[in-house]
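S.K.: Take a look at this one; I'll ask things after.
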Amino acid sequence: MEIKSILLDVPPKFRHNSYMLNQQDKQVIMSDVEQSMSDLYWTYRDDLSDEGGEELNKVITKTRDEIINILEKFPA
């Protein structure tokens, strides 16, 4: 029976593995926040004028940035 080696795309040092996981987690969280903000925008966008839609977009963009900042600053 032949045993084949499987190469994984994993850094050789543990601290690098932790960094990769943190970066992956960060990207997943950012994507989740982005999707949530998009859902919020489109829930109310059709009820607003163009000017209201622009204002809503400004507030949601600012809120998204603040949420991401909090999640980066205070990870679990």
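The values are calculated or read from the model by the stated rules, or taken from the named source; none is laboratory data. What you see is a predicted model; the values in this text were computed from it and never measured. Reconstructed Cβ throughout: ideal geometry from the backbone, glycine too, with neighbour counts over all protein chains shown.
S.K.: So which residues in the range 19-43 are surrounded by fewer than 11 Cβ atoms within 10 Å (Cβ to Cβ) and not hydrophobic (A, V, I, L, M, F, W, C), if there are any at all?
M.R.: The answer is 23, 24, 27, 31, 35, 39, 43.
S.K.: Which condition does residue 58 not pass, out of (1) at pLDDT below 95; (2) within 19 Å of the chain's Cα centre (by Cα), if it passes all the others?
M.R.: Of (1) at pLDDT below 95; (2) within 19 Å of the chain's Cα centre (by Cα), only one is false for residue 58: (1).
S.K.: Separate question: Would you be able to tell me the number of residues in the range 44-57 that are surrounded by fewer than 10 Cβ atoms within 10 Å (Cβ to Cβ) and part of a helix (DSSP H, G or I)?
M.R.: So the count comes out to 2.
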